[in-house]
1. What is the gain in length, in nm to one decimal, between LYS73 and LEU53 on full extension, counting 0.36 nm per residue of separation less the C-alpha to C-alpha distance?
2. Taking 7 Å along the Cα-to-C-beta vector as the label spot, tell me the ALA14-ASN27 distance in nanometres, rounded to one decimal.
Amino acid sequence: MLLVALLLISGAQARTLVVNSALPGANDFNPGSDAEPLQTIGRAAALVQPGDLVWIHSGVYREKVMIAQSGTKEQPIRFEAAPGATVVITGHPAHERDGVRQPATENLQRARPL
């Protein structure tokens, strides 16, 4: 009973945001659902609240991620690779050689599914 009252008072409800840059309809103005995912992890980081989960689908995300909110011990904010996904986050821009984009190879962070 107390838990229900606390949830009603706080108005907070954990949600799952989906990031899938490979999906043609992905856009940072989308709601972040499976059907309408966000395009960047940075946008998800700007939207998250305590208790939220961000599912990141496979891709190389060339961006700087700054999380706007802090989670709590009871309601952590989690960023996780979607099941089976290979996620690479790098702040490095893509390199070009002979007019062809080459992947950055330095300072890569890989997230593995739990």
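Laboratory data are not the source of any read-out in this text; all were calculated from the coordinates shown. Being a predicted model, the structure only gives us computed values, none of them experimental. All Cβ positions, glycine included, derive from the backbone under ideal geometry; neighbour counts span all protein chains shown.
1. Working: separation 20, 0.36 × 20 = 7.20 nm, distance 1.42 nm.
Separation in residues times 0.36 nm, less the Cα-Cα distance, equals 5.8 nm.
2. 3.0
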